[in-house]
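These notes are about the structure you will find just below.
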Amino acid sequence: YDTAVQAAKQADDPAIAACALAYRSYIPSTKGANGRARILLTEALANISETESPATVAWIAARHAEESAQLGDNAQALASWGRAEDAFSICDPDEDRAWTRFLDQNRFDSYRIATYSKIGRLDEAQEIAATVLGRLTQPDRKKAVIIFEDIATAHLARGSVNEASRIAQQGLAVLRETEFAMWVPKFGALAQGLNRWQRQPQVRSYLEEFAMTKRQFATS
């Protein structure tokens with residue numbers, strides 16, 4: 001990542017630096033260091049403008065909204081989401097930079113689901129999730145893993161542990177199917193949060209399935 005940022009400076013192409021910083025933000029995010037992730041995303045946004053790459057701005061601003069929501073900064077989350085929506089409305093990810101082609105409507109909506117679920121707009125998040133899950137094709141199944149984890153986490157925050165466990169199990173099934181190992185720590189955080197209710201059958205079922213899934217990826 002450091003090399004990419006240096007190369008971006010030498011090439012006078014700040015969009016590359018923004019991309020590198022945005023990808024780098026996933027590392028602290030998966031470890032629960034959301035403040036550090038947001039700092040990297042803030043720096044990334046400072047390196048890019050809508051005129052240079054609107055799709056890059058849409059992606060990074062959506063990530064910034066997601067991390068702000070995770071930190072409980074609802075005002076900033078909504079402000080960042082507004083910028084993301086504005087940029088997405090004028091972008092063509094396929095015709096933008098090489099790294100923006102993943103940002104189709106389904107992936108963009110998954111960021112909306114994550115943001116809304118974390119700021120307490122769970123009903124809206126679930127409505128969007130149902131729509132997205134209904135139109136996902138097989139190559140897009142990794143997005144379903146992200147969506148299930150976001151909704152399960154929101155239910156856990158509300159204290160709905162059985163619903164959180166049920167939805168998380170659905171996510172685990174797709175995670176194994178798609179071999180989306182990057183999201184195992186996210187489901188591990190759910191398991192840790194649910195552990196105090198392990199005597200409840202639905203919760204215990206999820207914890208056992210997560211332990212099995214973790215072993216499966218550890219030996220693969």
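Restricting attention to the stretch 94-113 and to residues that are buried (at least 22 other Cβ atoms within 10 Å of the Cβ) and in contact with a Lys or Arg (Cβ under 9 Å, 6 or more places away or on another chain), the residue that is farthest from Asp140 (Cα to Cα) turns out to be Tyr111. Please go through (1) in contact with a helix residue (DSSP H, G or I) (Cβ under 7 Å, 6 or more places away or on another chain); (2) surrounded by 15 or more Cβ atoms within 10 Å (Cβ to Cβ) for Ile90 and return the number of the only condition it doesn't satisfy. Ile90 satisfies all of (1) in contact with a helix residue (DSSP H, G or I) (Cβ under 7 Å, 6 or more places away or on another chain); (2) surrounded by 15 or more Cβ atoms within 10 Å (Cβ to Cβ) except (2). The test for being in contact (Cβ under 8 Å) with a residue 60 or more places away in the chain, assigned to a helix (DSSP H, G or I) and open to solvent by less than 80 Å² (accessible area, probe 1.4 Å) does not hold for Ala125.
For first residues located in the stretch 196-219 and more than 12 Å from Ala181 (Cα to Cα) and assigned to a helix (DSSP H, G or I), partners that are open to solvent by less than 80 Å² (accessible area, probe 1.4 Å) and β-branched (Val, Ile, Thr) and lie 6+ apart or on another chain with Cβ distances below 6 Å form the pairs Trp197/Val161; Trp197/Val203; Val203/Val161. Taking the criterion of being among the acidic types (Asp, Glu) and surrounded by fewer than 18 Cβ atoms within 10 Å (Cβ to Cβ), the residues of the stretch 29-72 that qualify are Glu43, Glu50, Glu52.
Taking into account only those residues within the stretch 145-204 that are farther than 23 Å from Asp109 by Cα, in contact with a Phe, Trp or Tyr (Cβ under 9 Å, 6 or more places away or on another chain) and of a type in the set (A, V, I, L, M, F, W, C), which is surrounded by the fewest Cβ atoms within 10 Å (Cβ to Cβ)? So, considering only residues that are farther than 23 Å from Asp109 by Cα, in contact with a Phe, Trp or Tyr (Cβ under 9 Å, 6 or more places away or on another chain) and of a type in the set (A, V, I, L, M, F, W, C), the one surrounded by the fewest Cβ atoms within 10 Å (Cβ to Cβ) is Val161.
The values are calculated or read from the model by the stated rules, or taken from the named source; none is laboratory data. This one's a predicted model, so the numbers in the text were calculated from it and none came from an experiment. Glycine gets a Cβ as well: all are built from the backbone with ideal geometry, and neighbour counts include every protein chain shown. Remember, those area values only see protein heavy atoms, side chains included, never the ligands or the DNA or RNA. Shrake-Rupley method; radii C 1.70, N 1.55, O 1.52, S 1.80 Å.
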